[in-house]
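Single-structure report; data block below.
What follows draws every value from the coordinates through simple rules; no lab data is involved. Model, not experiment: these values are computed from the prediction. Because the Cβ atoms are built from the backbone with ideal geometry, glycine has one as well, and the counts that use them run over all protein chains shown.
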Amino acid sequence: MPVVTETPKYLGKSLTVYYKHHVGAYSGVGSIFKEVRDLLPHGAVTFGIFYDDPRERDEHLLQSAVGVVFGEDGKPLYTDNYAQQLTRWGYEKMVLPKVDRAVEITQPYTGSLSVFALIYRTYGIIRQFIEEKRLETYHAVEFYSADEICVSFPLDHVKEFNVPEVGRLFLVCKTFL
């Protein structure tokens with residue numbers, strides 16, 4: 001069951017991440033997850049920030065940022081040569097803020113069937129929880145470790161989760177409307 005927590009598992013500390021911005025169907029981010037997992041040692045925690053509700057936005061306009069957790073509270077988890085490699089592969093560096101409250105749920109991760117369960121079951125449970133509690137939250141942040149998926153919806157510092165490309169795309173789209 002989802003909970004409102006004041007000690008989020010991952011977002012309870014500031015995170016240094018490397019990411020790639022993605023525009024289009026969320027089903028298209030799998031290749032970025034695979035790529036970043038291949039660039040780092042086994043066991044690296046990957047993440048995705050999903051900015052839009054696919055029920056409310058056209059699929060070709062959905063935005064996300066996908067990458068890897070590279071450091072916690074300013075301390076790197078990997079050597080600098082991994083940072084250089086990520087940069088060469090087109091990943092951008094960003095620091096995600098520590099949040100004081102988040103809606104959070106964790107489920108086992110055993111492969112692609114776990115992702116289907118997340119999409120078609122877990123997100124429905126989270127949506128219902130958020131609506132019943134009348135919480136205002138926008139971004140889903142998914143963290144993938146070797147054996148679990150943790151989904152967090154930050155309840156504070158939300159705008160600080162926007163990668164710069166999110167704002168630029170919004171401005172470009174707005175000028176064409």
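Evaluated at q = 0.14, 0.17, 0.18, 0.19 Å⁻¹, the base-10 log of the normalised Debye intensity for the stretch 28-130, with identical point scatterers placed on the Cα atoms, takes the values -0.70, -1.02, -1.13, -1.23.
Sorting 128-140, 18-30 by their mean Cβ neighbour count within 10 Å, with the most densely packed peptide first, gives 18-30, 128-140. Note on the stretch 3-176: with charges restricted to the Cβ of Lys and Arg (+1) and Asp and Glu (-1), its dipole about the Cα centre is near 180 debye.
What separates the Cα centres of the stretch 23-38 and the stretch 79-115 is a distance of 12 Å.
Mean separation of Cα pairs under 8 Å and 6+ residues apart, divided by the residue count of the stretch 3-176: what relative contact order is that in percent? Don't skip to the answer; put the middle values down first.
Numbers: 302 pairs, mean separation 53.9, N = 174.
Relative contact order for the stretch 3-176 comes out at 31 percent.
Along the stretch 9-24 the Karplus relation, 6.51 cos²θ - 1.76 cosθ + 1.60 evaluated at θ = phi - 60°, assigns HN-Hα couplings of 4, 9, 7, x, 9, 6, 10, 8, 10, 10, 9, 10, 7, 10, 10, x Hz to successive residues, with x for each Gly and Pro.
For Lys20, the lysines whose Cα comes closer than 29 Å to its Cα, not counting residues fewer than 8 places off in the same chain, are Lys9, Lys34, Lys75, Lys93, Lys98, Lys159, Lys174.
Bin all alpha-carbon pair distances of the stretch 3-176 at 10 Å intervals from 0 and give each bin's fraction as a whole percent. The calculated distribution, bin by bin, is 9, 39, 39, 12, 1. How charged is the neighbourhood of Pro154? Take every other residue with its Cβ under 14 Å from the Cβ of Pro154, and add Lys/Arg as +1 and Asp/Glu as -1. So the surrounding residues net to -2.
Proximity of backbone amide H atoms, modeled 1.01 Å from N, is registered between Arg101 and Leu155, Asp156 at under 5 Å, excluding neighbours fewer than 5 places apart on the same chain.
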